[in-house]
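The values are calculated or read from the model by the stated rules, or taken from the named source; none is laboratory data. Note that the coordinates shown come from a computational prediction; the quantities given were computed from them, not determined experimentally. Every residue, glycine among them, receives a Cβ derived from its backbone with ideal geometry; neighbour counts consider all protein chains shown. SASA here: full protein model, heavy atoms, side chains in, ligands and nucleic acids out. Shrake-Rupley method; radii C 1.70, N 1.55, O 1.52, S 1.80 Å.
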Amino acid sequence: MSVKDIIFESIDKQGVAILPPMDVFDSINLLKTEQIHVACTMLDPWYNKGKGDVLPTDEYDAFIQQLLENSGEISDLLYLWGFPEVIGPYVRYAPKDFYMVSWLTWYYKNCPSVIRGWRSSQNACIQFMRHGYALHPEHFLNETQKEKFESGKMRFVPGPPSVIESPLIIGFVGKKEQTGHPSQKPEAVFDKLLLMAMADNQIVFDPMAGSGTTGASATKNGFRAILCDKNEEYISLMENRLNVKRISI
Ligand SMILES: C[S@@+](CC[C@H](N)C(=O)[O-])C[C@H]1O[C@@H](n2cnc3c(N)ncnc32)[C@H](O)[C@@H]1O
């Protein structure tokens, strides 16, 4: 069986394929070698916390640029997450044949104030898209609007707001979704991103999937997912969360 067949066997049975732990560039390269093209790639790396305190800024810039370019070779739409002050410069980093479509904000009110100054209440997400690829605002219509849309009577399709409000789930006990991953995003936020990006049954790839939020959101909304992370512990976390075993390749 080819690696591509093994991946699709898992996707066909369970809606999700979890790859064994590997570096983001290796998993992107694996999809490229296996000629697996996906509709959407979710890029949610560890963040430089503002002033290069994870990696020197030049190195982080080069990492993000490479990430976008390589992901652009295997997908039609990219989401890049980070703190606004960190990813701000990357609005100009659209890979070849792509353009920057939107700056999205996830707004949460419930972050405890631990520093003097502004209390962090937002994460940003840049959406890049291949020229000619179409978004799916029709996924956000109510039943009456849908009928109008399907009968061709809707002159324009109203879209959802680009600021998505949903509480932070990390650090708060008692939240159903919580897995213990230190940077877990709420499904409510990823639901909107995936619904806008994909047609039914299309595939989203998340090479730094952490707790597997992309997989949870994809299966809930009628999409399929390929997930990976370089950290063994997080691969186990997503296996448990999604009730899907990683593939062996
Ligand atoms: C911000 S978290 C992702 C959180 C995820 N969106 C969620 O909701 O659970 C970043 C993840 O990227 C992974 N990661 C960081 N660098 C990586 C690399 N070079 N290759 C693969 N995974 C990486 C980390 O292990 C971590 O789980």
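Screening 213, 219 for residues that are closer than 25 Å to residue 128 by Cα and open to solvent by 50 Å² or more (accessible area, probe 1.4 Å) leaves exactly one candidate, 219. Among the residues of the stretch 167-205, the ones that are part of a loop (DSSP other than H, G, I, E, B) and within 12 Å of the ligand (Cβ to nearest atom) come to 13 in all. Screening 6, 36 for residues that are under 27 Å from residue 240 (Cβ atoms), in a helix (DSSP H, G or I) and not small (Gly, Ala, Ser) leaves exactly one candidate, 6. Does residue 145 count as within 16 Å of the ligand (Cβ to nearest atom) and either farther than 17 Å from residue 42 by Cα or hydroxyl-bearing (Ser, Thr, Tyr) (or both)? Judged against the criteria, residue 145 is not a match. When the residues of the stretch 109-142 are filtered to those that are among the hydrophobic types (A, V, I, L, M, F, W, C) and over 29 Å from residue 41 (Cα atoms), the one that is modelled with the highest pLDDT is 118. Here residue 101 does not qualify as among the hydrophobic types (A, V, I, L, M, F, W, C) and in contact with a helix residue (DSSP H, G or I) (Cβ under 9 Å, 6 or more places away or on another chain).
Residues in the stretch 97-124 that are out of contact with any Asp or Glu (no Cβ under 7 Å at 6 or more places or on another chain) and either part of a loop (DSSP other than H, G, I, E, B) or open to solvent by 70 Å² or more (accessible area, probe 1.4 Å) (or both): 18 in all. Selection of first residues in the stretch 106-117 that are touching a residue at least 12 places away in the same chain (Cβ under 8 Å) and of second residues that are among the basic types (Lys, Arg) and open to solvent by 80 Å² or more (accessible area, probe 1.4 Å), restricted to Cβ pairs under 7 Å at least 6 apart or on distinct chains, gives the following pairs, ordered by first then second residue: 111/119.
Scanning the stretch 19-43 for residues being open to solvent by 10 Å² or more (accessible area, probe 1.4 Å), within 16 Å of the ligand (Cβ to nearest atom) and of a type outside the set (A, V, I, L, M) gives a total of 7.
Yes/no per residue for (1) among the aliphatic types (A, V, I, L, M); (2) free of Cβ contacts under 8 Å to residues at least 60 places away in the same chain:
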{"residue": "171", "(1), (2)": "no, yes"}
{"residue": "177", "(1), (2)": "no, yes"}
{"residue": "180", "(1), (2)": "no, yes"}
{"residue": "190", "(1), (2)": "no, no"}
{"residue": "195", "(1), (2)": "yes, yes"}
{"residue": "206", "(1), (2)": "no, no"}
{"residue": "215", "(1), (2)": "no, no"}
{"residue": "224", "(1), (2)": "no, no"}
{"residue": "247", "(1), (2)": "yes, no"}
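Right, residue 27: modelled with pLDDT of 95 or more, among the small types (Gly, Ala, Ser), farther than 17 Å from residue 129 by Cα and assigned to a helix (DSSP H, G or I) or not? Yes.
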